[in-house]
Amino acid sequence: MIHKGDCLEVLAGMADDSVDHVITDPPYEAECHDGGGMVRGNSRWYRDEPDPTVLTKTPPDFACMSPSLRAAVAAEVCRVSRGWVLVFCQDQGIHPWMTELDQHAKFRRVCIWHKTNPMPKFLGDGPAQGHEPFLAYWSGKGHSKWNAGGRSGVFAHALARRERGVRNHPTEKPLPLLRELILCFTLPGETILDPFAGSGSTLVAAAETGRSGIGVEISPKYAQRAEDRLSCARAIPSYELSRVTAVNPRAFGVAGTAVSQGMLDGIE
């Protein structure tokens with residue numbers, strides 16, 4: 001389900017503890033948008049005028065995160081979630097997001113998406129950005145629960161593949177990564193909210209793993225793309241999903257033992 005509009009307006013109409021979990025990738029910090037940080041996906045390099053020797057990059061086609069929006073979103077997602085709140089961010093966003101989330105939920109871990117095929121720096125003046133953090137908070141009662149036992153909070157996956165030669169969103173997360181997070185942190189039949197749904201990758205992964213998804217997206221273009229992708233999403237058989245790193249069998253809703261990491265990357 002996709003709500004088209006401002007996430008704060010939609011969240012304000014939701015009851016306390018009305019979803020099981022939140023998994024979201026909010027807009028990045030201002031550094032991402034002013035050319036001084038990480039701009040990916042649909043960004044373009046062009047030669048500056050009047051100096052053709054200077055390379056500049058265009059910003060993403062959405063607004064950056066503001067302190068006021070961050071504070072309001074942190075309070076709302078923790079209010080409506082009765083379980084996990086997972087928030088992707090830049091390195092620069094870890095402290096600002098933790099400052100806000102600490103007021104409403106229990107900090108559990110800074111986790112890492114290890115990008116196995118990072119984009120190189122085009123000017124060759126430094127190492128590629130090979131990771132992206134996400135914060136794991138518990139907004140439920142009692143002790144936090146997950147399905148992956150003692151495994152680490154590092155998740156290794158390649159960048160999102162293009163669909164029919166097109167990238168769905170400038171900061172799109174790969175479906176194998178989102179499927180693994182959903183299997184590790186949630187149970188079949190639960191509801192996952194993504195208040196910054198973008199092109200709907202979290203919701204597609206939820207549908208593929210037997211969960212329900214609620215998304216909010218302010219951009220009509222990306223909201224439509226999310227709806228189109230969701231219309232084609234189909235549940236992946238549990239025996240295929242179980243080929244992911246040692247996860248409690250209850251994550252699949254079937255008996256059996258998950259065995260090997262990596263094969264999940266091949267499920268597209």
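How large is Rg over Rh for the range 70-127, taking Rg from the Cα atoms and Rh as the Kirkwood inverse mean of 1/r across Cα pairs? Value, to two decimals: 1.11.
Taking amide H as placed 1.01 Å from N in the peptide plane, A158 has its amide H under 5 Å from the amide H of T116, each at least 5 places away in sequence or on another chain. Exposure proxy for H114, H157: other Cβ atoms within 10 Å of each Cβ, ordered fewest to most, give H114, H157.
The HN-Hα couplings worked out from phi for the range 196-201 by the Karplus form 6.51 cos²θ - 1.76 cosθ + 1.60 (θ = phi - 60°) are 10, 6, x, 8, x, 4 Hz, whole numbers, x standing for Gly and Pro.
Quick note: the coordinates plus some simple rules give every number you see, no bench work behind them. Since this is a predicted model, take the numbers as computed values, not measurements. All Cβ positions, glycine included, derive from the backbone under ideal geometry; neighbour counts span all protein chains shown.
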